[in-house]
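Report on the structure given below.
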Amino acid sequence: MKKKFTMAALLVCCVVAAFAAFADLTGKWKGTLKFDDFELPLTYTFKVDGEKLTGSIGSDQGENPISEGKIKGADFSFTLDFNGEKIPHTGKYYGDSTIVFSEFQGQKNRVKLTRAQ
């Protein structure tokens, strides 16, 4: 009996921890997109609702909404429409940081995000 209760309690803790991880991605994140000699500071705003991810990416040039956002565990994906071109993004949430990968015009990009203050 104790073994079944312990297993059930462990399962409940794992589910609660998974939902806490989803909630932690919600908020503002900052990072810098670097390519060649150019650096572009970016602000990502994420909102998690179940397995749905919404939000936007902003810079000093404006803000673009993300679409087709999904999150499962620590992995997430979304699409950014930039001047009519859809740019797929994937990412991984690490708690205190987040890594976002994308490919634009043949160039692979990686942006490390930290929580915005």
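The values are calculated or read from the model by the stated rules, or taken from the named source; none is laboratory data. Predicted model, so just to flag it, every value in this text is computed and none were measured. Glycine also receives a Cβ, built like all others from the backbone with ideal geometry; neighbour counts cover every protein chain displayed.
Answer yes if at least one residue in the range 33-42 is touching a Leu at 6+ places or on another chain (Cβ under 9 Å), modelled with pLDDT of 95 or more, surrounded by 14 or more Cβ atoms within 10 Å (Cβ to Cβ) and not aliphatic (A, V, I, L, M), and no otherwise. No, that holds for no residue.
Could you list, in sequence order, all residues of the range 73-117 that are under 22 Å from D37 (Cβ atoms) and of a type in the set (S, T, Y)? Within the range 73-117, just S102 meets the criteria. Residues in the range 79-100 that are under 16 Å from T43 (Cα atoms) and among the aliphatic types (A, V, I, L, M): L80, I99, V100.
When residues in the range 45-72 are screened for being under 11 Å from the mean Cα position of the chain (by Cα) and of a type in the set (G, A, S), 3 of them pass.
Would you mind stating whether S59 is more than 21 Å from G95 (Cβ to Cβ), surrounded by 11 or more Cβ atoms within 10 Å (Cβ to Cβ) and of a type in the set (S, T, N, Q)? It is true that S59 is more than 21 Å from G95 (Cβ to Cβ), surrounded by 11 or more Cβ atoms within 10 Å (Cβ to Cβ) and of a type in the set (S, T, N, Q). Taking each residue of the range 85-97 that is under 15 Å from Q107 (Cα atoms) and looking for partners that are of a type in the set (F, W, Y) with beta-carbon atoms closer than 7 Å, six or more apart or interchain, yields I87/F104; H89/F78; H89/F101; T90/F101.
If you go through the range 83-94 and pick out every residue that is surrounded by 11 or more Cβ atoms within 10 Å (Cβ to Cβ) and either modelled with pLDDT under 90 or touching a strand residue (DSSP E or B) at 6+ places or on another chain (Cβ under 6 Å) (or both), you end up with 6.
Among the residues of the range 68-84, those identified as of a type in the set (S, T, N, Q) and closer than 19 Å to L113 by Cα are S77, T79. Would you check if there is a residue in the range 44-53 being in contact with a Phe, Trp or Tyr (Cβ under 7 Å, 6 or more places away or on another chain), under 15 Å from V100 (Cβ atoms) and in contact (Cβ under 8 Å) with a residue 60 or more places away in the chain? Yes, the range 44-53 contains a residue that is in contact with a Phe, Trp or Tyr (Cβ under 7 Å, 6 or more places away or on another chain), under 15 Å from V100 (Cβ atoms) and in contact (Cβ under 8 Å) with a residue 60 or more places away in the chain.
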